[in-house]
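Trainee: Structure incoming, see below.
The values are calculated or read from the model by the stated rules, or taken from the named source; none is laboratory data. The structure displayed is predicted, hence computed values, not measured ones. Note: ideal-geometry Cβ built from the backbone for every residue, glycine included; neighbour counts use all protein chains shown. Ligands, DNA and RNA are stripped out before the accessible areas are found, and what is left, the full protein with its side chains, is counted by its heavy atoms. Shrake-Rupley method; radii C 1.70, N 1.55, O 1.52, S 1.80 Å.
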Amino acid sequence: MAPPPDIGIGIVGYGLAGRLFHAPYIDAVDGLRIRAIATSHPDRRAQALSDHPDAEVVDSVDAILARPDVEVVVVVTPNRSHAPIGMQALASGRHVVVDKPIAMTVPEAEALIEAGDRAGRILSVYQNRRWDGDFQTVRSVIDRGVLGAIDSLEARFERWATVGPEWRETAEEAGGPHRDLGAHLVDQSLVLFGDATRVFAQFDSRRPGSRVEDSVFVAVDHADGVRSRLWTSLIALRNGPRVRIRGLGGEYVKEDLDPQERQLLEGLRPGDPGFGEEPAERWGSVSASDGTRTVVPTERGDYSRFYELLRDAVRGVGERPVDPADSVRGLRVLEAAERSARSGAVETVSRS
């Protein structure tokens with residue numbers, strides 16, 4: 001039996017995210033083929049041509065949508081354009097992946113979901129950090145019950161960054177670590193512990209000349225009684241611990257970030273030997289209530305799993321990799337945190 005034809009992918013945007021966090025993983029998945037890349041930036045056009053000589057590099061969304069061989073449009077653009085480009089692509093009959101955050105506001109996100117429903121097309125959100133090795137390990141540790149009843153999660157995505165001209169450093173694009181890195185932490189906490197009920201947050205802008213809040217703390221109360229405490233920062237010179245989960249039977253602590261981002265920046269690609277794998281000295285451990293400590297090997301991280309699930313869903317097999325309704329739940333928490341940071345009060349998370 002002949003294999004099904006490749007699914008054509010059009011990527012809109014070829015900055016750091018499009019170049020490193022999407023294109024290499026699409027390339028790694030059998031049955032997907034990058035047909036076109038849209039960017040008007042001269043240097044990025046040259047980079048896209050070098051990286052993907054078999055793809056056409058164009059300067060607009062319209063040029064991608066004019067191609068009949070593009071079935072899926074991947075939107076990797078500044079935050080304000082996620083929903084408008086996504087709706088345009090859905091209206092043209094394409095399946096759509098949008099980078100996180102799904103949209104600037106909850107009503108805008110809901111309108112995007114409605115556009116997907118009307119078109120009868122798949123809409124998914126690139127919450128790729130669900131396939132971090134550390135997060136996969138956390139899920140496994142919790143599922144095995146070795147920690148007992150869970151009290152709390154502490155999680156961090158922290159880094160050092162100087163003030164720059166990038167759109168991620170502008171308030172108009174909802175830049176800063178909260179909606180960038182925080183969108184991942186909130187998503188992970190909701191996957192683990194379900195709906196949030198209340199949020200308290202503190203946002204600060206510490207770097208001279210910064211146009212965004214660059215030091216963020218968010219405390220989330222979940223409906224099941226678990227509490228998540230989440231930190232994101234652009235002023236951290238030392239990362240970690242990446243995650244700490246406390247249960248009545250023990251604690252799991254993991255210091256370091258998933259290695260995929262670092263490996264991509266170093267020039268490795270999915271499928272290379274050791275890609276997504278951590279050395280033993282970076283593994284986390286469980287400290288049990290009986291005084292024992294057990295090292296837990298970190299599972300291999302693999303963002304290509306998102307695109308494998310997307311490929312299957314487009315072919316009618318299985319569910320889309322991330323339900324956009326999950327990302328709307330996350331956006332409600334992000335917005336509640338922003339309200340709390342302004343008011344100094346605990347804010348209720350809206351359900352509708």
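Trainee: Can you name every residue in the stretch 305-322 that is in contact (Cβ under 8 Å) with a residue 40 or more places away in the chain and open to solvent by 10 Å² or more (accessible area, probe 1.4 Å)?
Mentor: Answer for the stretch 305-322, where residues must be in contact (Cβ under 8 Å) with a residue 40 or more places away in the chain and open to solvent by 10 Å² or more (accessible area, probe 1.4 Å): 305, 308, 311, 313, 314, 315, 320, 321.
Trainee: Pull up the stretch 50-87, narrow it to residues that are without any contact (Cβ under 8 Å) to a residue 12 or more places away in the chain and among the hydroxyl-bearing types (Ser, Thr, Tyr), then point me to the one that is least open to solvent (accessible area, probe 1.4 Å).
Mentor: It comes out as 81.
Trainee: Mind checking which residues of the stretch 1-51 are farther than 22 Å from residue 271 by Cα and in a helix (DSSP H, G or I)?
Mentor: Correct list: 42, 43, 44, 45, 46.
Yes or no, residue by residue, for (1) in a helix (DSSP H, G or I); (2) surrounded by fewer than 24 Cβ atoms within 10 Å (Cβ to Cβ):
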| site | (1), (2) |
| --- | --- |
| 89 | yes, no |
| 101 | no, no |
| 111 | yes, yes |
| 121 | no, yes |
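Trainee: Step by step: first the residues of the stretch 223-247, then only those that are over 27 Å from residue 207 (Cα atoms) and touching a strand residue (DSSP E or B) at 6+ places or on another chain (Cβ under 7 Å), then the one that is most open to solvent (accessible area, probe 1.4 Å). Which residue is that?
Mentor: Step by step, filter the stretch 223-247, then rank; the result is 227.
Trainee: So is residue 106 open to solvent by less than 50 Å² (accessible area, probe 1.4 Å), at pLDDT 95 or above and under 27 Å from residue 302 (Cα atoms) or not?
Mentor: Taking the combined requirement at face value, the residue does not satisfy it.
Trainee: For the stretch 152-161: of the residues being in contact with a Leu (Cβ under 7 Å, 6 or more places away or on another chain) and either open to solvent by 30 Å² or more (accessible area, probe 1.4 Å) or not in a strand (DSSP E or B) (or both), which is nearest to residue 261 (Cα to Cα)?
Mentor: Among those that are in contact with a Leu (Cβ under 7 Å, 6 or more places away or on another chain) and either open to solvent by 30 Å² or more (accessible area, probe 1.4 Å) or not in a strand (DSSP E or B) (or both), it is 159.
Trainee: Let me ask something additional. Pick from the stretch 196-222 the residues that are open to solvent by 70 Å² or more (accessible area, probe 1.4 Å) and assigned to a loop (DSSP other than H, G, I, E, B): which of them is farthest from residue 343 (Cα to Cα)?
Mentor: Restricting to residues being open to solvent by 70 Å² or more (accessible area, probe 1.4 Å) and assigned to a loop (DSSP other than H, G, I, E, B), the top hit is 208.
Trainee: So how many residues does the stretch 247-293 have that are outside any loop (DSSP other than H, G, I, E, B) and either in contact (Cβ under 8 Å) with a residue 60 or more places away in the chain or under 21 Å from the mean Cα position of the chain (by Cα) (or both)?
Mentor: 14
Trainee: If residue 25 meets every condition in (1) open to solvent by 10 Å² or more (accessible area, probe 1.4 Å); (2) out of contact with any strand residue (DSSP E or B) (no Cβ under 7 Å at 6 or more places or on another chain) apart from one, which number is that one?
Mentor: With respect to (1) open to solvent by 10 Å² or more (accessible area, probe 1.4 Å); (2) out of contact with any strand residue (DSSP E or B) (no Cβ under 7 Å at 6 or more places or on another chain), residue 25 is out only on (1).
Trainee: Here is a follow-up. Of all residues being in a loop (DSSP other than H, G, I, E, B) and open to solvent by 50 Å² or more (accessible area, probe 1.4 Å) in the stretch 294-303, which is farthest from residue 148 (Cα to Cα)? Just the residue, please.
Mentor: Taking the candidates together, the pick is 300.
Trainee: Another question, if that's okay. Being within 19 Å of residue 190 (Cα to Cα) and of a type in the set (D, E, K, R) is the filter; apply it to the stretch 109-133 and report the residue that is nearest to the chain's Cα centre (by Cα).
Mentor: Top of the filtered list is 129.
Trainee: Find the residue count for the stretch 129-146, including only residues that are in contact with a helix residue (DSSP H, G or I) (Cβ under 9 Å, 6 or more places away or on another chain), open to solvent by less than 10 Å² (accessible area, probe 1.4 Å) and not β-branched (Val, Ile, Thr).
Mentor: Residues flagged as in contact with a helix residue (DSSP H, G or I) (Cβ under 9 Å, 6 or more places away or on another chain), open to solvent by less than 10 Å² (accessible area, probe 1.4 Å) and not β-branched (Val, Ile, Thr) within the stretch 129-146 amount to 3.
Trainee: Test of understanding: among 72, 76, 97, which residue is touching a helix residue (DSSP H, G or I) at 6+ places or on another chain (Cβ under 6 Å), under 19 Å from residue 24 (Cα atoms) and at pLDDT 95 or above?
Mentor: 76
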